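Encoded as C-alpha cells, the structure appears first; notes follow it.
Any read-out appearing in this document is the output of simple, stated calculations on the displayed coordinates, not a laboratory observation. Here the structure is a predicted model, which means the values were calculated and not measured. As a convention, Cβ positions derive from the backbone with ideal geometry for all residues, glycine included, and neighbour counts pool all protein chains shown.
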Amino acid sequence: MTIREDRPVQSREVVIERPDGGRSHVQPHPQLLRDDSGAVVGAVNMLVDITGRHRADAALGTSEEKFAKVVHNSPHPILAMRVADGRIIEVNNAFAQFFGLTREEALALFTEKPAQFDLVVTDLNMPGLSGTEFARRLLALRPDVRIILTTGYSATITADVARELGFRALLPKPCDLRSLGETVQRVVTEPAHPRPA
C-alpha cells in the first residue's frame, strides 16, 4: 500500500500468523526508498510487535470484570461516582441494604450526605481528572476519608508515594479477588484519622 499510494501508511495493526500457527499483533512502519530524482524504487518496512500490549489490555479487561464482581458482592457498602460532575453511577447491594433503600434511593442519599461514607476506591488514570487530584479534592472535604488507589502503572507510583498523597493503600492491577478483598478489609478496619497537614 505504501508504494501504491506513494506515502508511508502507519498506525494500522496487522495480525501475522507464524508457521507454527501462533499469531502476533504487529504495527508496520513502512518507509519509501527513492532514487536521486525522487522516484520510488522500493520500500523498507519495520514491524513492531505489539502482542504484549494486546495481552495486557485483555488482562486489564478481565481484572476490571473481577473488580466489579468483588464490589457488587462485597459485604461493605460501596458506591461509584463519576469524577467530572460528582454524579453517583453505581452502588452495590450492601450499600442499598445497609441504608434500607433501593439503589436509586441510595444514589440520591449519597448525593445529599457524602459524609456518611468511609471508603473510596479510585484509579490513578481517569478521564478528565487524575486519581491523585480526585483524592486531593476528597481529602479537602473529608480529611479522614479512606481512599484506595488502584493502578496498572505501579512503576510510576509506589506505596510510599501513594501514602504521602493521602491514599490508605495502593492496589496494583490486575489484582485478584483475594488481594482486593484483603486490602478493602484492612483499610475499612483501620482507625479513621485525618491526613496530617
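By count of other Cβ within 10 Å, fewest leading, how are 24, 74 ordered?
Fewest-to-most Cβ neighbours within 10 Å comes out as 24, 74.
Grab the other residues whose beta carbon is less than 14 angstrom from that of residue 57, score K and R as +1, D and E as -1, and report the net.
Summing Lys and Arg as +1 and Asp and Glu as -1 gives 0.
Could you please rank 167, 134, placing first whichever residue has the fewest other Cβ atoms within 10 Å of its Cβ?
Lowest count first: 134, 167.
Near residue 24, within a Cβ-to-Cβ distance under 10 Å, what is the net charge of the other residues, with Lys and Arg +1 and Asp and Glu -1?
Combined, the nearby Lys, Arg, Asp and Glu give 0.
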